Amino acid sequence: MEVTRTLARYVVNSNLKDIPEAVQAEATRSIVNWLGCAVGGCRHETIDRALQALGAFSGKAEATLMGRGEKLDIFLAALLNGMSSHVFDFDDTHLKTIIHPAGPVASALFALAEHRQISGADLLHAFILGIEVECRIGNAVYPEHYDVGWHITGTAGVFGAAAAVGKILDLDEQQMVWALGIAGTQSSGFREMFGTMCKSFHPGRAAQNGMLAAFLAQKNFTSSDQVLEAKRGFANVMST
């Protein structure tokens with residue numbers, strides 16, 4: 001079975017009108033929660049230190065750091081907003097897998113929305129799809145993946161960010177397959193980092209890397225077509 005392609009096809013062909021209203025309402029709540037967490041964490045020393053280290057290397061200053069006056073390029077904004085939203089660990093949680101799903105996805109989408117015009121409906125739809133993707137992938141590898149030491153918010157979150165941004169970029173099916181592959185080869189994050197600044201770095205990096213994957217795929221940068229199911233792919237390498 002072509003697992004990666006099936007998932008990519010679902011994302012590409014999805015229409016917002018097919019998403020139940022109750023799901024859209026919960027997604028809206030999740031976005032509001034993410035915003036609150038990102039603003040709440042924006043002055044944490046983790047964000048200050050990351051900004052001091054990386055701010056000077058930013059490209060075009062067009063994306064907002066939530067709760068702060070600084071603007072960065074969309075990739076660094078996705079990174080820092082993802083970190084900010086998770087730094088206090090109050091962001092939403094998919095209890096079955098312990099994924100914090102909004103951080104990687106919303107951080108990428110909101111940065112992208114300052115680079116190109118995105119309707120509220122399209123942003124909400126992409127957000128829902130991104131969370132669907134990362135949580136389904138999380139379901140497939142949990143609990144062994146988490147128990148061995150992977151931080152699943154980072155490792156699964158990168159797929160969600162790639163799918164969400166890819167939906168906004170209107171990737172075709174093959175490009176979405178590649179986006180998931182490019183995301184998967186960047187999948188990382190160790191539970192050993194819990195209690196350090198690196199814990200919040202994981203969802204931020206997932207947002208940044210997922211966005212990068214979608215932009216590369218848009219220009220037909222290739223990857224394996226079977227990142228999820230292949231013998232040397234995500235599920236078999238990072239879980240049982």
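The values are calculated or read from the model by the stated rules, or taken from the named source; none is laboratory data. Small disclaimer: the values here were computed from a predicted structure and weren't measured. Here the Cβ positions follow ideal geometry from the backbone for every residue, glycine too, while neighbour counts run over all protein chains shown. These accessible areas exclude ligands, DNA and RNA; they are computed on the full protein's heavy atoms, side chains included. Shrake-Rupley method; radii C 1.70, N 1.55, O 1.52, S 1.80 Å.
Worth pointing out:
- Across region 85-94, the number of residues qualifying as assigned to a loop (DSSP other than H, G, I, E, B) and in contact with a Cys (Cβ under 8 Å, 6 or more places away or on another chain) comes to 3.
- Candidates GLY69, GLY55, GLY82, filtered to the one that is open to solvent by 40 Å² or more (accessible area, probe 1.4 Å) and either among the small types (Gly, Ala, Ser) or not in a helix (DSSP H, G or I) (or both): GLY69
- Every pair of residues 6+ apart whose Cβ atoms lie under 7 Å, when the first sits in region 63-91 and is under 19 Å from ARG116 (Cα atoms) and charged (D, E, K, R) while the second is open to solvent by less than 30 Å² (accessible area, probe 1.4 Å) and in a strand (DSSP E or B): LYS71/ALA63; ASP73/ALA63
- Hits in region 133-185 - residues which are acidic (Asp, Glu) and surrounded by 22 or more Cβ atoms within 10 Å (Cβ to Cβ): GLU134
- Subset of region 35-49 (residues that are buried (at least 18 other Cβ atoms within 10 Å of the Cβ) and not small (Gly, Ala, Ser)): CYS37, CYS42, THR46, ILE47
- The residues of region 186-218 that are of a type in the set (Ser, Thr, Tyr) and either open to solvent by less than 60 Å² (accessible area, probe 1.4 Å) or closer than 15 Å to GLU134 by Cα (or both), listed by number, are SER187, SER188, SER200.
- Residue tally, condition assigned to a helix (DSSP H, G or I), over 13 Å from the mean Cα position of the chain (by Cα) and closer than 14 Å to SER187 by Cβ, over region 139-152: 4
- Matching residues, region 1-34, being aromatic (Phe, Trp, Tyr) and surrounded by fewer than 18 Cβ atoms within 10 Å (Cβ to Cβ): TYR10
- The residues of region 66-120 that are touching a Leu at 6+ places or on another chain (Cβ under 9 Å) and hydroxyl-bearing (Ser, Thr, Tyr), listed by number, are SER84, SER85, SER107.
- Test: PHE221 is surrounded by fewer than 24 Cβ atoms within 10 Å (Cβ to Cβ), in contact (Cβ under 8 Å) with a residue 40 or more places away in the chain and outside any helix (DSSP H, G or I): yes
- Any chance ALA108 is at pLDDT 95 or above, under 13 Å from the mean Cα position of the chain (by Cα), within 30 Å of ALA235 (Cα to Cα) and not hydroxyl-bearing (Ser, Thr, Tyr): yes
- Inside region 109-132, residues that are open to solvent by less than 20 Å² (accessible area, probe 1.4 Å) and within 21 Å of GLY181 (Cβ to Cβ) make up a count of 5.
- Test: residue in region 92-108 that is open to solvent by 10 Å² or more (accessible area, probe 1.4 Å), touching a residue at least 60 places away in the same chain (Cβ under 8 Å), within 21 Å of ALA38 (Cβ to Cβ) and among the acidic types (Asp, Glu): yes
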